[in-house]
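Have a look at the structure below, then the notes.
Quick note: the coordinates plus some simple rules give every number you see, no bench work behind them. Quick caveat: nothing in here was measured; it's all calculated off a predicted structure. Every residue, glycine as well, gets a Cβ built from its backbone with ideal geometry; the counts of neighbours run over all protein chains shown.
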Amino acid sequence: MSTRQRERDEADPAVPGPAEPAVAAPAEPGQTRSDQAEPTQATPVETGQVEAGTVEAGRPAGDAGEPTPADGPEQGESRNSEDRWSRFAPAPEPVPGRARRLATRVGRFTVHEWTLACLGGLVLAVVMTWPTLADPRHTLPRDLGDPTLVTWMLAWSGHALRTDPSQLWHSNAFFPEPYSFAFTESLIGYAPFGMIGTGPEDATLRYNIIFVLSHALAFIGAYALVRQLGAGRTGATLAAVAFVYAPWRLAQTGHLHVISTGGIVLSLAMLARGHGWSLREGYRPARRRAGWVVAGWLVAAWQVTVGIGISVPFAYVLALAAVVAAVGWLVRGRPVVGWRVLAADVAGGGIFAATCLLVAQPYLKVLELHPYAQRDAGDVALFSSPLRGFFVAPPDSLVWGDLHEPARALLPWHPEMTLLPGFALYGIAAAGLVFSVWRIHVRLLLAAGVLITIALGMGTMLGGDGRPGYLTLHDHVYGWDALRTPGRLVMWTTLLLGVLAAGAVCAFLERARELTAGRVPSGPGPLLRLASLVPLVLVLVEGTNQTPHEQVAPAPAALRSVTGPMLVLPSDGYFDMTVMLWSTDRFVPMVNGGSSFTPARQAEARRLSHTFPDAESVARLRDLGVRTVVLLPERAAGTPWQHAAAIPVDGLGITREEVAGAVVFRLDP
């Protein structure tokens, strides 16, 4: 190479160096051939060059005068260069197999927010209701009154569906009364659980499992609702914990139909999501989903079947929401709703309304047969709480139970008047009025809702007679007269307080992120993150319980073999609930039964049985269709039946024998 050519190469870096073969340049004027770089001598076969117009390896050559991919450096030399640099390239990504892809999907599902929310809600329910699952086949939470009755109801509905669904509303208890399953809340929405297992132990296990699951469902529903409204994960968790584990709920431990509120909040969350609406962002048409709308209405319909008492206000809340949505639609200039969402509302709302009517029919029939079962203003007054009840905890509260004993003594009927949502919740919600992610008008509306629900929850204690107030609804709103316990509206008070509190927590976290945005790494540090959990811990601690768990007595052996219809003595409204649980192995028809009212024929049978066995009581029991009377001597002590086993039965047309510690009387037809 000439000196001039070398200088040109050094001055122009674009000219390839020795490691990259160069193509010979044409001779410049005045320059001889010997001054040029000598091209590499190679045959067309060695360089891969072909004549213009020919095709190599199925690829057309370039146009005349233009180099083709085969022109240029020697092919072998180029390959060596590529091989040399390829050593420094990253290894190719392996293609995952089917098992690897499945494992990845399972891993993503496991750490998904909603998976963690469901698992967390379930674990929290087990811990916060402990020791319910410590001995679930032999103990019941709170007492052996209403929990025992509900245990029987869950078993009967499953038995009826499994054997003869047409007899669902005509249970084995309260013989010979028809529609006896509608004498109290039926909880038929849980009937599929009742189809699994038989007998008292399985029935007790079933109740305890549903009891725990009802807390988990309420947590998941409340979390989903507050997240849909626009709160963050921490704020939604706080609101859900406050909703499910408020101290007042501990007073309702024995009322599964009252604490089964998960369907309410879950359906509201689904409906809000399906309509693309949130408190924080308003109406977002792009996020409408008709499927979520249908699901929300179906869950709402199911909720009616597990608790009519709490579902009547829920139905009117849905109606009020529909009216507000219609007004908002008109005010905003009639934005497009979408025919699919509208059709989903019409179909889902129709299913909900039809469910309400179907479930109400047997209860209306009961009122027709037993008019004295109707709740009046006097019943409402009996269970109406003064304002101080909203600051008193039930005895089952671990934190406040013993401390509030003097305050409970001032309440006329504290089991339904200890309505404390939680002092921590009150405080955080108050902070949410002034510092929140919710807009000011939203906060004011939430606060107004809290005040209205408290006023309604006071029943007749508001204004002296509850008018205007709860009794106004009782007198003029269809279905409201079926409710006799105003204080249970505290559920809505707690939910609204939880939404306010979630706004405050979310605002705190957002402010913390703003202040720490310039840090490396950015975001709140461990202390700030722990501080955001303090409200959650306070609310959770207030919800801890010291609920007693009663041992369920085993069924007497005599009841496993007797035929019915029967009457078990002693008989009263409380002990009959245990007898109903004992009947879940065979569901023998019996006069015994406990409910919110006493049918006239059952009251007569109990009164006459005080002198059993005598001619009058035997004759009347025969007229009712009773064929067997079982006396339990160990439970009859101190009752009118304590001497029944020794009274002569000659001439009465009955036989008496001892069976496994019980005395069995058989009445001949």
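What to note about this one:
- Mean Cβ count within 10 Å, highest first, over the residues of peptides 479-487, 130-138: 479-487, 130-138
- By the helix-only formula, in which each DSSP H run with n ≥ 4 contributes -39500 (n - 2.57) and the sum is divided by residues, the chain has a 222 nm mean residue ellipticity of -15500 deg cm²/dmol.
- Listing 163, 261, 453 from fewest to most neighbouring C-beta atoms within 10 Å gives 163, 453, 261.
- Hydrodynamic radius of the chain by the Kirkwood approach over all distinct alpha-carbon pairs: 30.7 Å.
- Sorted by Cβ density within 10 Å, fewest first, the residues 310, 209, 647: 647, 209, 310
- Span-rule helices in the chain, defined as complete DSSP H runs reaching 20 Å or more along the axis (Cα) with Kyte mean at least 0.5: 113-128, 199-229, 290-306, 308-331, 339-369, 440-457, 490-515, 526-542
- For residue 659, the residues whose amide H sits under 5 Å from its own are 664, ignoring neighbours fewer than 5 places away on the same chain, with H placed 1.01 Å from N.
- Region 553-605 versus region 90-115: alpha-carbon centroid distance in Å: 58
- Proximal charge balance of residue 579 [Cβ under 15 Å; K/R count +1, D/E count -1]: -1
- Charged-residue dipole, Cβ positions (Lys, Arg, Asp, Glu), the chain about Cα centre, Debye nearest 20: 1500
- For residue 289, neighbours were defined as the other residues whose beta-carbon sits under 10 Å from its Cβ, and their charges (Lys and Arg +1, Asp and Glu -1) total +4.
- Cβ crowding within 10 Å, taken as a proxy for footprinting-reagent exposure, orders 398, 140, 530 from fewest neighbours to most as 530, 398, 140.
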